[in-house]
Structures are given as C-alpha cells and as structure tokens.
1. Only residues in the stretch 118-129 that are closer than 17 Å to ASP99 by Cα and in contact (Cβ under 8 Å) with a residue 24 or more places away in the chain count as the first member; pair them with residues that are surrounded by 12 or more Cβ atoms within 10 Å (Cβ to Cβ) and of a type outside the set (A, V, I, L, M), Cβ under 7 angstrom, at least 6 apart or cross-chain, and list the lot.
2. Quick check on my filter: what residues within the stretch 10-42 are of a type in the set (Phe, Trp, Tyr), touching a residue at least 40 places away in the same chain (Cβ under 8 Å) and either closer than 12 Å to GLN69 by Cα or surrounded by fewer than 17 Cβ atoms within 10 Å (Cβ to Cβ) (or both)?
3. Give the residue, chosen from ASP45, ASP85, that is within 20 Å of ARG35 (Cβ to Cβ), free of Cβ contacts under 8 Å to residues at least 40 places away in the same chain and assigned to a loop (DSSP other than H, G, I, E, B).
4. Checking LEU29 against (1) within 18 Å of ALA134 (Cα to Cα); (2) over 12 Å from the mean Cα position of the chain (by Cα): exactly one of these is not met. Which one?
5. What about ALA7, is it outside the structural domain of PRO140 (by TED's automatic domain parsing), surrounded by fewer than 15 Cβ atoms within 10 Å (Cβ to Cβ) and not acidic (Asp, Glu)?
6. Give all pairs with beta carbons closer than 6 Å in which a residue from the stretch 95-113 that is over 14 Å from ARG35 (Cβ atoms) meets a residue that is in a helix (DSSP H, G or I); count only pairs at least 6 apart in sequence or on separate chains.
7. Would you check if there is a residue in the stretch 13-35 being under 17 Å from CYS142 (Cβ atoms), in contact with a Ser or Thr (Cβ under 8 Å, 6 or more places away or on another chain) and modelled with pLDDT of 95 or more?
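The values are calculated or read from the model by the stated rules, or taken from the named source; none is laboratory data. Keep in mind it's a predicted model, so treat the numbers as computed, not measured. Cβ coordinates were reconstructed from backbone atoms using ideal geometry, including for glycine residues, and neighbour counts include every protein chain displayed.
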Amino acid sequence: MTDDVPAVDRGPFPMLRQVVLDATDARGLAEFYRRLFGLEYRPGDEPPPHAPDPEDSDWLVLRNPGGVQLAFQQVESLPPSTWPDGDVPQQLHLDTTVDDVAELDRQHARALELGAELLLDRSDDPDEPLRVFADPAGHPFCIFVA
C-alpha cells in the first residue's frame, strides 16, 4: 500500500438496497422494467385488476431477489436525457449483463418490443459488446456481454 492511499475502512457500511427512478408515469415505467428484468412487485404495489391505478401509486417497488431493487417515484415533469447528444445528461444509468452476443441480440429485441429506444450499438466490439438504450421515460440503460 502506498502512503498516499488511505486504508479502507472495514465497515460496517450501509447496504445498497435499491435504485430509485423518477418518472412522469411511475406505473408505466415500473411495468417496463418488471417485464424486462422479470421482477415482481412488492406486496401492495401490484396494479389493481380491472381498474385504474389509485392516486397513491406514486411510489412503487420491484423486488429483485439476490439483487438491488428498483423503485419508481412519480414526478410532475422530467426532461428525458438527450445523451449522447444535447443538453440533458444521463444523470444515472443502469448497467446489466448477459453471457454472450446471442443473448445480447435476444435482449435487444425484447427491449425494443417493450418500448426501449436504441441509443448506441457497439455489439460488434470484440472486447465488450454492448448496446445502450433509453427506457420509455428516457433513462439510459446498458446491456453488455460480461
């Protein structure tokens, strides 16, 4: 260890529990990610059967056994990211991985079918094939081979 690098504190540390995404349509965005990642709603957050969402669906949580949960917070307005061009930066993006290029291609088709928009395609990169998408609210997310 060098003198200019501080020793790592061995804890305890807070545990990263969930990532929260703002959305002007919290239910719609939650549904997008529920279907994309195969997640389940926290009990009580499920959409009501055969009825419009109640007014209190402004905070929804998707559970991810063994991983970080996703939560969705209703906001009145949200400028979508214009990354890689423009004035509105990513602000946050989600990185996800698949095992190989064939699965990257399969998940690419699924993401588009669910409403994602392709922002960047580096699927032919020999070192790290990846694609960057925007979810329906404009949040970027990556799917890459790892």
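1. From residues that are closer than 17 Å to ASP99 by Cα and in contact (Cβ under 8 Å) with a residue 24 or more places away in the chain, the pairs are PRO129/ARG122; PRO129/SER123; PRO129/PHE144.
2. Of everything in the stretch 10-42, those that are of a type in the set (Phe, Trp, Tyr), touching a residue at least 40 places away in the same chain (Cβ under 8 Å) and either closer than 12 Å to GLN69 by Cα or surrounded by fewer than 17 Cβ atoms within 10 Å (Cβ to Cβ) (or both) turn out to be TYR33, PHE37.
3. Details: ASP85 fails: within 20 Å of ARG35 (Cβ to Cβ).
One residue alone meets the criteria, ASP45.
4. If we test LEU29 against (1) within 18 Å of ALA134 (Cα to Cα); (2) over 12 Å from the mean Cα position of the chain (by Cα), just (2) comes out false.
5. Numbers: outside the structural domain of PRO140 (by TED's automatic domain parsing): yes; surrounded by fewer than 15 Cβ atoms within 10 Å (Cβ to Cβ): yes; not acidic (Asp, Glu): yes.
When the stated conditions are applied, ALA7 passes them.
6. Here the result reads VAL98/LEU104; VAL98/GLN107, each pair linking the stretch 95-113 to a residue that is in a helix (DSSP H, G or I).
7. Checking the stretch 13-35: not a single residue is under 17 Å from CYS142 (Cβ atoms), in contact with a Ser or Thr (Cβ under 8 Å, 6 or more places away or on another chain) and modelled with pLDDT of 95 or more.
For (1) assigned to a strand (DSSP E or B); (2) in the same structural domain as TYR33 (by TED's automatic domain parsing); (3) closer than 24 Å to VAL75 by Cα, each residue gets a yes or a no:
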{"site": "ALA102", "(1), (2), (3)": "no, no, no"}
{"site": "HIS108", "(1), (2), (3)": "no, no, no"}
{"site": "LEU112", "(1), (2), (3)": "no, no, no"}
{"site": "LEU120", "(1), (2), (3)": "yes, no, no"}
{"site": "ASP124", "(1), (2), (3)": "no, no, no"}
{"site": "ASP127", "(1), (2), (3)": "no, no, no"}
{"site": "ALA137", "(1), (2), (3)": "no, no, yes"}
{"site": "PHE141", "(1), (2), (3)": "yes, no, yes"}
